Structure formats: structure tokens, C-alpha cells
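Everything on this sheet refers to the single structure shown next.
The values are calculated or read from the model by the stated rules, or taken from the named source; none is laboratory data. Only a predicted model underlies this, so the values are computations on that prediction, with no experimental measurement involved. All Cβ positions, even for glycine, are placed from backbone atoms using ideal geometry, and neighbour counts span all protein chains on display. Surface accessibility is based on the protein's heavy atoms, side chains included, excluding ligands, DNA and RNA. Shrake-Rupley method; radii C 1.70, N 1.55, O 1.52, S 1.80 Å.
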Amino acid sequence: PEMQHTRIEILTWGVRNMKKFQLSAINNPSIEIECGGVVQSTNKIKNAKKNPNFDTSSLFFDVYLPIEELYMPPLNIRLLDHRTFGLKAPLGTHTILSLKDYRRD
């Protein structure tokens, strides 16, 4: 399929009302966004209880995507919690199958 250079912008403000996961409080969450093999992630929040907002409120990344909607890859969103010893606990995922409603030419 014919590909075109596309810039993706994601607004990330913060997380609120996070419940415990595997009996542990969620203190250091981050978000990973993946589309077309390109992964971009936010910085982790140092203490979600004191300040649940991310340091930067937007992510930008460039990717080559097909022009035809039929071949468009999904946008995958993952929420992670950074635990001790470098562990990243997956808290949740969401997949946006069609970017047509969000696309601007």
C-alpha cells in the first residue's frame, strides 16, 4: 500500500483514582503508545498520590502509515506501573482500531 509520513500527537494529562494492582498501590505510572511499530512513552510519574499529572502533557512521534484506511495499523495504549527492581506491571491496555475519526489532513 502507498504510505505517507504522519505525525501523531497524543495529549497525556495524568491518572486519577487508581486502585491497587496485585495488592500494591500504584505510585509510578507511565503510558506507552504504539502505532506502526513505533513506540513512544511518557516519563513516569514520580509519586502519583502527591501529583497525578505527567511532566509533559503531549507526545509527538512521526511514523509512516498507509493512506488507505483498510491497511491502517491500530493505535495501542498501555498503562504501566514502575515497581522496584525495574519491574513494569501492566495495568491496562486499550486499542484504537481505526484512526479515521482522529485523522486530519
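Taking amide H as placed 1.01 Å from N in the peptide plane, Thr12 has its amide H under 5 Å from the amide H of Ser58, Leu59, each at least 5 places away in sequence or on another chain.
Ranking Met18, Gln40, Leu65 by how far each Cα lies toward the positive end of the dipole of the chain (charges on Cβ) leaves Met18 at the top. In the complete set of protein chains, residue-level accessible area for Ser98 is approximately 40 Å², probe 1.4 angstrom.
Label positions at Ser98 and Trp13, each projected 7 Å from the Cα along the C-beta direction, are separated by 2.7 nm.
Take Glu34, Glu2, Glu69 and sort them by solvent-accessible surface of the protein heavy atoms, 1.4 Å probe, largest at the top. Each step should come with its number before you reach the end.
Details: Glu34 35, Glu2 130, Glu69 65 Å².
Solvent-accessible surface, decreasing: Glu2, Glu69, Glu34.
Give me the 1.4 Å probe accessible area per residue for the stretch 52-105, excluding ligands and nucleic acids, in Å². Before the final figure, lay out each step's value.
Values: 3810 Å² over 54 residues.
Value returned for the stretch 52-105: 71 Å² of accessible area per residue.
Charges at C-beta only: +1 for Lys and Arg, -1 for Asp and Glu. How large is the resulting dipole of the chain about its Cα centre, in Debye rounded to 20? Before the final figure, lay out the partial values.
Numbers: 14 positive and 11 negative charges, 188 e Å.
The calculation lands at about 900 debye.
For the options Thr84, Thr93, Thr42, a Gaussian network treatment of the chain with springs between C-alpha atoms closer than 10 Å singles out Thr84 as fluctuating the most. When the chain is treated as a GNM with alpha-carbon contacts under 10 Å, the residue of Phe85, Phe60, Phe21 showing the greatest mean-square fluctuation is Phe85. The number of Lys pairs in the chain with C-alpha atoms less than 24 Å apart, excluding pairs fewer than 8 positions apart on the same chain, is 14. All Cα-Cα distances of the chain, cut into 10 Å bins from zero to the largest, leave 13, 43, 27, 14, 3 percent in each bin in turn.
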